[in-house]
Structure formats: structure tokens, C-alpha cells
1. So residue 207 clears everything in (1) of a type in the set (A, V, I, L, M); (2) without any contact (Cβ under 8 Å) to a residue 24 or more places away in the chain; (3) open to solvent by less than 40 Å² (accessible area, probe 1.4 Å) except one condition, right? Which one?
2. Looking at residue 160, is it in contact (Cβ under 8 Å) with a residue 12 or more places away in the chain and of a type in the set (Ser, Thr, Tyr)?
3. So, in segment 77-92, of the ones that are within 18 Å of residue 28 (Cβ to Cβ) and open to solvent by 80 Å² or more (accessible area, probe 1.4 Å), which residue ends up nearest to the chain's Cα centre (by Cα)?
4. When you check residue 249 against the structure, is it open to solvent by less than 60 Å² (accessible area, probe 1.4 Å), of a type in the set (A, V, I, L, M, F, W, C) and within 27 Å of residue 15 (Cα to Cα), yes or no?
5. Does residue 34 fit the bill of being in a helix (DSSP H, G or I) and either buried (at least 16 other Cβ atoms within 10 Å of the Cβ) or of a type outside the set (Phe, Trp, Tyr) (or both)?
6. Which condition does residue 90 not pass, out of (1) at pLDDT below 95; (2) part of a helix (DSSP H, G or I); (3) not basic (Lys, Arg), if it passes all the others?
7. Within segment 94-109, is even one residue in contact with a Phe, Trp or Tyr (Cβ under 8 Å, 6 or more places away or on another chain) and either of a type in the set (Phe, Trp, Tyr) or in contact (Cβ under 8 Å) with a residue 60 or more places away in the chain (or both)?
8. Given the criterion open to solvent by 60 Å² or more (accessible area, probe 1.4 Å) and closer than 30 Å to residue 17 by Cβ, identify the matching residue among 217, 237.
Amino acid sequence: MILAIDMGNSNIVIGGIDEANTHFMERITTDTRKTDLEYAVSLKSILDLHHIAAEELEGAILSSVVPPLNAVITEAVRKVTGLSCKLVGAGMKTGMNIRMDDPKHIGSDLIVDSVAAKANYPLPIIVIDMGTATSITALDQNGDYVGGIIHPGLRVSLNTLSGSTAQLPSIDLESPGRALAKNTIEAMQSGILYGTAGMLDGIITRMEAELGSKATIVATGGLARFVTPLCAHRIEIDDLLLLKGLLILYRKNS
């Protein structure tokens, strides 16, 4: 089993995974003010909660979009497990051609998602990752990473809407069940959820046109389950996509 860590802007996903099973997966809050000791305590608590001894972990790997915390997290892993944590980044073997202007500037989470999607789904593939930002990336029929978009995430859009207007309240992401809302809260929910669903459908249609064929659509991220049921396209949710990708990258680079 390896320790796989995906650090996003809002949450850090920590999982234990091997080729046969996902032994655990938990989320903690990303906080740049925390020390390596504080993160070590959180990591130790997660391992203890799932009755995982440090000796059961053969290695560790980190994907991060928060560079200031990279050293903090890797040191926390070392304190708890004694392991040196691999960092997803430039120079790492991916088994995938990245056809971008500057591959070094592609977010590590997008690379990890794409590596996992290529290994687990029919090509071509469009991958949707719904976190703080919503990213949509595409792999062509050859399995090459050919591009994508980055869009404000659901909660970013919702918080901006509530925070920038005097009379609109903070709301949850519960679906109102209809586009023709009958009150302010329903109108906000409908706008955010159906609006995002419409954006996803529109981008998928455009990407499929540029790819030249229909694609497998895979979504991951904590917010995917709120929106994908409202989309016209068939979208498969894979909550373990990032952990699967981290395992593949760990094996390729060991």
C-alpha cells in the first residue's frame, strides 16, 4: 500500500491505495498557516483511525497545487512514516504525451487525473475535476493530453455571488429541481447548478467537435455529484481517480 496525497486549494485528500483496494480516503482542510507538526498530527490520526501502521506503507507520493505547503507536507509524512515523499512535477514519467505550449506549467492534479483516466477508460476521454476550480481536460484517441479549460468552481461562484451583493444570502448546493425558480434561494441554486451543468454540456460538445469523435466523460472532485446528474451528457463519476493516478505515477517512477 502507498500513501497518496492530493493537495488542492481547499482540501487535502489523503488515501491508502494499492492495485487491489483503496484502504482509506479522508479529507482535511488546506491551511498554509499550519506547521509540519500540525499536519503530522492529522496524518497520524487518520492512520490510527483506520488501523494502519506506518510499516504497512511502502511509499508516499504528493500531488500539489499549493507549492508553499509542499515542504511542510513532505516533512509531516517523514515524521509520521519515515518515508521520503515523491512529488508530482516536471521530469516525472507519466507514459503520456503532453501536447501543450509549456508542459511544465500544467497543474499536477490535471496530469494525475489524466494518467488515471487513460489507464481506466476508453479513449478519447474528457476529464472533469470539480474542486475550488472546475477543470475540463481532454485526451485524444492516441491518449495524448491535448488541452482543456479552467473555470471558477461552484463554491467560488456562489461565494462571489453572495459576498458581492447586499441582499443575496449564503445558501447550500441543494438542487431546487427546476430551472424556473419561485424564490430567491431557489433562483440562486438553479442559477449555479443548472448554469454549471449547461457550461459543462457546452464545453463537452465543443471539445468532442475538436477531438473529432464522441468521448468518454469522467468526473471527479467533491462537487461533481451535485452537477453531473443535471447534465445532458452521460458522465461517469470516479471519486478515486486522483488516488488511482497517484498509484500509477508512483509505480512508474519507483
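The values are calculated or read from the model by the stated rules, or taken from the named source; none is laboratory data. Here the structure is a predicted model, which is why all the values come from computation and not from measurement. No Cβ is skipped: glycine too gets one built from the backbone with ideal geometry, and neighbour counts run over all protein chains shown. Accessible surface is based on the protein model in full, side chains and every heavy atom, while ligands, DNA and RNA are left aside. Shrake-Rupley method; radii C 1.70, N 1.55, O 1.52, S 1.80 Å.
1. Result: residue 207 passes all but (2).
2. no
3. 78
4. Against the criterion (open to solvent by less than 60 Å² (accessible area, probe 1.4 Å), of a type in the set (A, V, I, L, M, F, W, C) and within 27 Å of residue 15 (Cα to Cα)), residue 249 qualifies.
5. The answer is no for residue 34.
6. Exception for residue 90: condition (2).
7. For segment 94-109, residues in contact with a Phe, Trp or Tyr (Cβ under 8 Å, 6 or more places away or on another chain) and either of a type in the set (Phe, Trp, Tyr) or in contact (Cβ under 8 Å) with a residue 60 or more places away in the chain (or both): absent.
8. 237
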